[in-house]
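Structure record follows, encoded as structure tokens.
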Amino acid sequence: MSNPTIDTLTSHRSIRKFQDRPVEAGLVDQMLHAGIRGATSYNLQNYALLVVDDAQKRKALGLAHAPLVVIGLVDQYRLSRWFAISHAGPSCFNGSHNLFIAFWDAIIALQNIVVAAESLGLGTCYYGHILGVDVQTLFGTPEYVFPAGMVAIGYPDERPQLAARLPLEAVMHRNRYQIPSDQDIRRWYEQTDTEWDTLSSQQKARLAEQAIQNIAQKLAREGCSAQFISERSADIMKNLQRAQFVSRRGDTEYLLSAGEAQR
Ligand SMILES: Cc1cc2nc3c(=O)[nH]c(=O)nc-3n(C[C@H](O)[C@H](O)[C@H](O)COP(=O)(O)O)c2cc1C
């Protein structure tokens, strides 16, 4: 059975090319209201939604091409201020529990915004690099605020094919995590493996020079390489440190905060 919500969800595709046309204020308002209806731990909404339409700021985020950007922030700062003015007594805002639960809240709100946007005929694309953006310098965020996710929104100027997904059996486990066999894994990633055939002969020749002969090897040298991941992770740790969710020990060691009583 189908309905408009399921249709919106199952037609999702990321949009990276937008029309040069702003998103109407009324629609932005509707999306944000849909966003804040998402479930949230203790109904505290320990997140903030940073709406970025300023051209300079969008450029600084590397998203000048998108008319609108929404950043979901973990926000334990607002709660800390409320507790302070309510003389609530010592409490804790920087523990890993605070961070993970608020991260969850923020992403739920952001995904509600994405679904609302797509239901209104807009296109969206998430961007992962926000985790390492210094939001304190760029947006003036205070302590206990950390970027959880970012989405570009606008009127689509392309209609890409639906991206294939792994078969449901690859991601679904019933009652117990089933360790898959090598054959299962090979079969599940068959679709991804065939992407190799879509590369041009020049691309393949360039990759062959680096002894890359399949998509997994290509990914291992690109977005999953140790260098890429460690650079991105270092930026994230700096951001967590700025927001006081981790403390630094020595030059490279970071400790996720177990949570200290504050105020
Ligand atoms: C956490 C996350 C980070 C992403 N980061 C990027 C990104 O940096 N650049 C980009 O072009 N797409 C990014 N995407 C979009 C994915 O590439 C896209 O969702 C995926 O290829 C599947 O395609 P589809 O969304 O069209 O189904 C991101 C998506 C998620 C969920």
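The values are calculated or read from the model by the stated rules, or taken from the named source; none is laboratory data. Note that the structure is predicted; figures quoted are calculated from it, not measured. Here the Cβ positions follow ideal geometry from the backbone for every residue, glycine too, while neighbour counts run over all protein chains shown. Remember, those area values only see protein heavy atoms, side chains included, never the ligands or the DNA or RNA. Shrake-Rupley method; radii C 1.70, N 1.55, O 1.52, S 1.80 Å.
Checking the stated criteria, GLU118 turns out to be at pLDDT 95 or above, assigned to a helix (DSSP H, G or I), surrounded by 15 or more Cβ atoms within 10 Å (Cβ to Cβ) and acidic (Asp, Glu). Scanning the stretch 227-253 for residues that are farther than 19 Å from GLN136 by Cα and not in a loop (DSSP other than H, G, I, E, B) yields GLN227, PHE228, ILE229, SER230, GLU231, ARG249, GLU253. The helices (runs of 4 or more DSSP H) located wholly in the stretch 1-113 that include 1 or more residues which are under 24 Å from LEU131 (Cβ atoms) and either within 16 Å of the ligand (Cβ to nearest atom) or touching a strand residue (DSSP E or B) at 6+ places or on another chain (Cβ under 7 Å) (or both) occupy 25-36, 55-60, 77-85. Restricted to helices (runs of 4 or more DSSP H) entirely inside the stretch 176-218, those with at least 1 residues that are among the small types (Gly, Ala, Ser) and modelled with pLDDT under 95 are 201-209. Figure legend. Inter-residue proximity from the stretch 66-78: first residues farther than 22 Å from ALA88 by Cβ and in contact (Cβ under 8 Å) with a residue 24 or more places away in the chain, second residues open to solvent by 10 Å² or more (accessible area, probe 1.4 Å) and not in a strand (DSSP E or B), beta-carbon distance below 6 Å, spacing 6+ or different chains. Indicated pairs: PRO67/PRO22; PRO67/VAL23; LEU68/VAL23; LEU68/ASP53; VAL69/ARG58. Could you tell me whether any residue of the stretch 146-158 is part of a helix (DSSP H, G or I) and closer than 27 Å to ILE215 by Cα? The answer is no, given that none of the residues of the stretch 146-158 is part of a helix (DSSP H, G or I) and closer than 27 Å to ILE215 by Cα.
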